[in-house]
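Bear in mind that the values in this text are calculations on the coordinates, not laboratory data. All of these numbers come straight from a predicted model, not from anything done at the bench. Here the Cβ positions follow ideal geometry from the backbone for every residue, glycine too, while neighbour counts run over all protein chains shown.
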Amino acid sequence: MTSPLTPVLSDGWDADRSWTLDAYRDGGGYAGLEQALRREPADLVALVKDSGLRGRGGAGFPTGLKWSFLPPDDGGPRYLVVNADESEPGTCKDIPLMLASPHLLVEGVAITSFAIGCHHAFVYVRGEVLHVYRRLLRAVEEAYAAGLLGKDVLGSGYDLDVTVHAGAGAYICGEETALLDSLEGLRGQPRLKPPFPAVAGLYARPTVVNNVESIASVPGIVTRGADWFKGLGTERSTGHGLFSLSGHVRRPGQYEAPLGITLRELLDMAGGVREGHELKFWTPGGSSTPLFTAEHLDVPLDYESVGAAGSMLGTRALQIFDETTCVVRAVARWTEFYAHESCGKCTPCREGTYWLRAVLLRVEAGQGTQEDLDVLLDVCDNILGRAFCALGDGATSPITSSIQHFREEYEAHITGGACPFDRSRSALFEHAPREQRALTGAGAHR
Amino acid sequence: MTATTTTGPAAAGGEKRPAPSDEVTFTIDGIETTVAKGTLVIRAAEELGIQIPRFCDHPLLEPAGACRQCLVEVSAPDREGTLRPMPKPQASCTLTASPGMVVSTQATSPVADKAQHGVMELLLINHPLDCPVCDKGGECPLQNQAMSNGRPTSRLVDPKRTFPKPLAVSTQILLDRERCILCQRCTRFSAEIAGDPFIDLQKRGAAQQIGRFDEDVLGFAEPPGDAPGADVPVGAAIADESGATFSSYFSGNTIQICPVGALTSAAYRFRSRPFDLVSTPSVAEHDSSASAVRVDHRRGVVLRRLAGDDPAVNEEWITDKDRFAFHWQSAPDRLTTPLVRDLAEDGTRGALRPASWVEALELAGEGLAAAREAGGVAVLPGGRLTVEDAYAYAKLARVALGTNDVDHRARVHSDEEAEFLAATVAGSGIGVTFADLEHAPTVLLVGLEAEEEAGVPFLRLRKGAQRHGVRVFSVAPFTTRGLERMDGTLLPAAPGTEAEWLDGIADGAADGSADGTEAVAQASQALAAEGSLILVGERLASVAGGYSAVLRLAGRTGARVAWIPRRVGERAGVETGTLPNLLPGGRPAADAAARAEVAGAWGVGALPAEPGRSTAEILDALAVGQLAGVVVGGVEVSDLPDPAHARRALAQASFVVSLEVRASEVTQAADVVLPVAAPTERAGTYLGWEGRPRPFRQVLESTAMADHRVLDALAAALGAELGLPTREAVQADLARLGAWTGARVAAPDLDALEPPAVEPGTAVLASWRMLLDAGRGQDGEAFLAGTAKRPVARLSAATAASAGLADGDLVTVASDRGALTLPVAVTEMVDHVVWVPMRSPGSAVHESLGAAPGDTVRIGSAGAAAPRGDGRTANEGEQR
């Protein structure tokens, strides 16, 4: 049996100085743009629609359909904004992609912009990844110099400017409307919808916001066709995707495979769970997706199957945890993340994550009560679907799913008065845990 | 049961029922309702009497959807028409009703009820349980809705978030971040309504807070309170969003709309409990808008004022002056008994002593009768009167004193203005309204700085500019912060040249190709649009030909004219005849038929036919003995164009009767002083600039008498009967007069005057009154005074340079009469002009210079730069 891997996006990553224009062109880069510029923009939208490409940022909204929501051209500007603010715990696909193959993104941006009639595209990249920001800046510079961007792209008469913008480090700016506010120089908090970005997005103009991986998938669809793309994956989850394995796994990294592959197959390629250990729980798509356990090893990793199994495909960020890991501790860390990153706009997320964090830290330290578990579940219920945007929903996923699967472990913390796990065992390196932090004190003075 | 209601402005009026396409029919809690398209579910529910709890929602602010308290369960038909439940509860404050939608509130949906209880519990986990000491306790939406839609106990056992408290946003506004539930009403008000954002969200998550603009974070070097230049408050304040020191005339509204006790005022903080207060709806006395307010008092002491809800006038907003400046009514210098002046032993003027009403009225009657014979008695009622009082002064003058020498204008005025008022304002009823300000295509301001001199009309104009694209033009020497916030266009006019500019605009409208600047051409074109307005301020009286030019421009463009004076009683005076050329109801005093009509209604033989004198002429006549006596109402000598001359005139008068609330300079000149009731102690009717009657009730019990009642008694002492002892009697008397149907006074048509040349070392004086200044109506309110703008002198860069002045230097502005010294704020403005505030601490223009806007003054350096952070400077012209 041949390898299930389908390197498309990652195909050129092993080339010498893969991030340069020369290396990218040696691998056939920018052929898609040349072809696209000879086609009608509407054909390109139809092509991507036909390919079944769904948004790779987590929600899985059909990309071509999103493009077609733009109102008819009124002569004013319309924008493409690439969401490169990858910051979900566990998610690590866009950053290696942009690091190794920034031109793939630039080519995707150029094709997409041409398809939707945009003359100024923006890449909103997470500010902490300075090295990626620099590679993107350099790639855009190279592309301008080579006539791939700027005035009269490749002699086609089409003009396109690309601005790479570095965010200032807020998870919420991965939410598309908060990203647009941030890009406009405002405080990054989600906007009221409607109007949706397709109608009034960046600077209140029609705007398409797409994930890096979605845009980077476009050149391949243009050169190889929609049928090729549909040949990969499942009927409703077509194409290839990057699967990011991390945690207690022998060979962590990016595995590019058709959607619908299972964790069992991916683990086989990754050399399995850490030597001498067994799978305890995992996230299918980052920390905001409900946890899976070993019983979900054979769930096909496509939107429908993962959804049917009670979670979400998300960003295919597969964090693997073996039996040495305290689930309460893992969930408490994630919850601290959400409490820290909640933008504060709406009550459920702002106050709810504060409360969840406080309770979880207490439970983790062995100072919880049985009632705390009911409070955790009820607070999650009061956040889920009540918050302004999906951040609050995501914050509840690890808590509700972990209590569902590992309630007895939570209770062990409570009845035992301490965490039953030796934290040094779950470390992948020599690790002497620090003293438990004191839980007394006055709240959130961080 | 099925009830059908209709909401929304489109539905007003039976005939104008909107086409069905403008309506949406849907269901709330099983009740079918029809609303205008675009109506929010929370509003539609209100119409049905269904109260959905909410915090961030405010009907006059854009929806935010931040607090999530108003969640409801919603189903909506899909494309096939099958009703499908939405997967999540929806915020009813952001959801517009759609046809066939089915909404279930907490009353019928356990999901909505649970969601609301959940949000309420979350709002309370970090909220301090300090309600017993909180100003808001007892009238707190959070407290109330926690009782109605919350759990009885909290399940939080972990520590609460705390903040140091309070943060002083300005001398008046205090922010307690612990109590804040981050609904953003205050920040949205500041950004959307007032346009002076000063506090905003900072940080995130549970650490998110409303806060001051923090220069430490964003690298602004200028520390607050030390910023140079103009638009800076007198007292300490935080920096606003731009890094400048926060200054707002409307910040008190944020306290009122705060749904918790996070924003409080220094004046009211910890002073009372809402449930101890008695509330009376009333009308504010500080400007010609006569905004609706609510006066709260406890045991005879007014403790605070809040904005009333009057959609036709001030919506739900008032100026900080209307909100906080009420201590003047109970100031220590209140007059409580009549005073009479005895002769000293040597036969000269003696001192005032308290007297009975009987004695005081008798002496006043005798004195006035003697003066009437000796040359005549004039009446200066002042510009702050109710309709009832103004009418009594007008009638007293004609019936008891037999004169047309009556003028309420205690400010710069002109005969041209009196003609303008008689021809276009008097008896015209409600013309231009606040709603018109919001919806006019174009508004031209002349002689009117809307934010400083009007307040609430500024907010309405800004709303129009923001929401309905109203184009604002202003004929003024520079672009004020207020004009900027209305996205307005400046027509840069030196004082005295306004009439020329207006004629220029009129010519542009006539031939379609205006000479001069681009802005004039734009204004010409824009004013021709139907429904355009010209708003005229009282300051135009200082410009010869100004009012005439306004009428010429209105005639050419078809724009309607509204006169927006500063004081609350100006329009009432025009309507009731406290002008020399006007009798009540807009009747020309020079018209024999009008006089006969009034005389008939009043049951007197004849009214005086001799033309009356204006304020300036009355003072001149008193000074030279042509007039012997004067009855003075609420006139502040310092407000008059030439206070020194006015003092001389009052001193020369053989007999002065003063009707006042508080002791004033007129008291010192008076022979008999008759105390009158402050606005809270009597009922009455103000007349707003629109011509809209603004009746108000008596707030406090008092034995003090309103002016009209005192005047009725005074007339009796003079042997005349006014028949105005009660408010009802005044209104009946007014009603008997009815409207004037005869000819009106001809409109003035004076040519614009060529302004004098400006010599080196001199400049043309520009000036207007600031909303917060040295006016006596703001006495006793130190916290409010701290939010007034620091007085500066504005000069263009070229004018400053020619006088050897730089930003921050002290400039002396001088006339032959005196001088005043202020720090320079170099401003982009018309050259050869110096602007100073008209009556602010350290800048009393009339008092120090004896000059009025348009006059030429000398400018020169007064030495080194002023020490920063101290707006007050040595002032050789300081009065009193």
task = May I have the extent of the alpha carbons of the range A:1-98 along their three principal axes, as whole Å values ordered from largest to smallest?
result = 46, 36, 32
task = For the range A:156-276, build the charge dipole from Cβ charges (+1 Lys, Arg; -1 Asp, Glu) around the Cα centre, then report which of A:VAL162, A:SER246, A:PRO206 sits farthest towards its positive end.
result = A:SER246
task = About the Cα centre of the protein assembly as shown, how large is the charge dipole given +1 on each Lys and Arg Cβ and -1 on each Asp and Glu Cβ? Please answer in debye to the nearest 20.
result = 2340 debye
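Please report B:GLU139, A:GLU408, B:GLU62 as a ranked list, fewest other C-beta atoms within 10 angstrom at the top and most at the bottom.
A:GLU408, B:GLU62, B:GLU139
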inquiry  = Suppose we keep just the alpha-carbon trace of the range A:21-227; what are its Rg and Dmax in angstrom?
reply    = 15.6, 45
task = Measure off 7 Å from each Cα along the Cα-to-Cβ vector at B:SER98 and A:GLU278, then give the distance between these two points in nanometres to one decimal.
result = 5.0 nm
remark   = Ranked on Cβ counts within 10 Å of their own Cβ, fewest leading, B:TYR268, B:TYR547, B:TYR249 go B:TYR268, B:TYR249, B:TYR547
query = When the dipole is taken about the Cα centre of chain A, and only Lys, Arg (+1) and Asp, Glu (-1) are charged at their Cβ, what size is it in debye, to the nearest 20?
reply = 660 debye
inquiry  = How large is the Kirkwood hydrodynamic radius of chain B, counting all unique pairs of alpha carbons, in Å?
reply    = 29.3 Å
key: the range B:627-726: GluC sites (Glu not before Pro) falling in loop per DSSP and having at most 13 other Cβ within 10 Å   = B:GLU701
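Quick check: residue separation of B:THR703 and B:ALA732 times 0.36 nm, minus the Cα distance between them. What number comes out in nm?
Gain in length upon complete extension: 8.1 nm.
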Derived scalar couplings ³J(HN,Hα) [the range A:120-132; Karplus, 6.51 cos²θ - 1.76 cosθ + 1.60; whole Hz; x for Gly, Pro] = 8, 10, 10, 10, 9, 9, 4, x, 5, 8, 4, 4, 6
ask   = With N residues in the range B:431-563, what two-decimal value do you get for its Cα radius of gyration over 2.2 N^0.38 Å?
value = 0.92
inquiry  = List the trypsin sites (Lys or Arg not before Pro) within the range A:131-222 that DSSP assigns to loop and that have no more than 15 neighbouring Cβ atoms inside 10 Å.
reply    = A:LYS151
key: Centre separation in Å (Cα based) which lies between the range A:347-378 and the range B:127-194   = 23 Å
task = Any chance you could give the angle, 0 to 90 degrees and rounded to 10, that helix B:643-652 forms with the longest Cα principal axis of chain B?
result = 50 degrees
ask   = What is the ratio of the Cα radius of gyration of the range B:6-125 to 2.2 N^0.38 Å, where N is its residue count, to two decimals?
value = 1.07
ask   = Under Stokes-Einstein, with the Kirkwood radius over Cα pairs standing in for Rh, what whole-number D in µm²/s applies to the range A:23-76 at 4 °C and 1.567 mPa s?
value = 100 µm²/s
note = Simple SL model, points at 7 angstrom along Cα→Cβ for B:GLU759 and B:GLU721; separation in nm is 6.2 nm
Residue-averaged 222 nm ellipticity for chain B, from DSSP H runs of 4+ at -39500 (n - 2.57), nearest 500 = -7000 deg cm²/dmol
inquiry  = Over all directions, how big on average is the projection of the convex hull of the alpha-carbon atoms in the range B:349-477, in square nanometres?
reply    = 12.3 nm²
inquiry  = To check my understanding: the extent here is largest minus smallest coordinate of the Cα atoms along each principal axis. What are those three numbers for the range A:327-426, in Å, largest first?
reply    = 37, 26, 21
inquiry  = Between the range B:739-803 and the range A:294-312, how far is it from one alpha carbon centroid to the other, in angstrom?
reply    = 75 Å
ask   = Counting partner chain Cβ atoms within 10 Å of every residue's Cβ in B:116-126, what's the average?
value = 6
Unit charges on C-beta of K, R, D, E only; dipole of chain B, Debye = 2760 debye
message = Loop only by DSSP, 14 or fewer other Cβ within 10 Å of the Cβ. Give me the trypsin sites (Lys or Arg not before Pro) in the range B:637-705 that pass, ordered by residue number.
response = B:ARG697
ask   = Which value in Å does the Kirkwood hydrodynamic radius of the range A:269-349 take, with 1/r averaged over all unlike C-alpha pairs and then inverted?
value = 13.9 Å
message = Suppose the Debye formula is applied to equal point scatterers at every Cα of chain A; what is log10 I(q)/I(0) at q = 0.07, 0.10, 0.12 Å⁻¹?
response = -0.36, -0.72, -1.02
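For each of B:ILE257, B:ILE181, count neighbouring Cβ atoms within 10 Å of the residue's Cβ, then give the residues from fewest to most.
Numbers: B:ILE257 20, B:ILE181 25.
Ordered from fewest to most neighbouring Cβ atoms within 10 Å, B:ILE257, B:ILE181 come out as B:ILE257, B:ILE181.
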Theoretical FRET efficiency, 1/(1+(r/R0)^6), r = Cβ-Cβ of B:ASP158 and A:ARG39, R0 35 Å, to 0.05 = 0.05
inquiry  = For a Förster distance of 60 Å, can you work out the FRET efficiency between the beta-carbons of B:ARG353 and A:LEU186, rounded to the nearest 0.05?
reply    = 0.35
query = Can you give the convex hull volume per residue for the Cα atoms of the range B:438-481, as a whole number of Å³?
reply = 65 Å³
key: Highest-first arrangement of B:144-153, B:309-318, where packing means the average Cβ count within 10 Å   = B:309-318, B:144-153
task = Would you kindly compute the Cα radius of gyration of the range B:93-184 and its largest Cα-Cα separation (Dmax), both in Å?
result = 16.5, 52
Average other protein chain Cβ within 10 Å of Cβ, residues B:150-162 = 4
request  = Can you pull the one-decimal nm distance between simple spin-label points at A:LEU130 and B:LYS37, each 7 Å off the Cα toward Cβ?
outcome  = 5.4 nm
key: Mean-position separation - Cα centroids, the range B:652-715 and the range B:469-487, in angstrom   = 37 Å
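Rg/Rh for the range B:396-464 to two decimals, with Rh computed the Kirkwood way over all alpha-carbon pairs.
On the way: Rg = 16.2 Å, Rh = 14.9 Å.
For the range B:396-464, the value is 1.09.
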ask   = Looking at the P(r) of the protein assembly as shown, how many percent of alpha-carbon pairs lie beyond 66 Å?
value = 21 percent
query = If r is the Cβ-Cβ distance from A:GLU141 to A:LEU297 and R0 is 51 Å, what FRET efficiency results, to the nearest 0.05?
reply = 0.65
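Which whole number gives the average, over all residues in A:379-392, of C-beta atoms from other chains lying within 10 Å of the residue C-beta?
Mean inter-chain Cβ contacts per residue within 10 Å come to 4.
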Principal axis box of the range B:762-861, alpha-carbon based, largest edge first, Å = 41, 26, 19
ask   = What value, in deg cm²/dmol to 500, does the helix sum -39500 (n - 2.57) over DSSP H runs of n ≥ 4 give at 222 nm once divided by the residues of chain A?
value = -12500 deg cm²/dmol
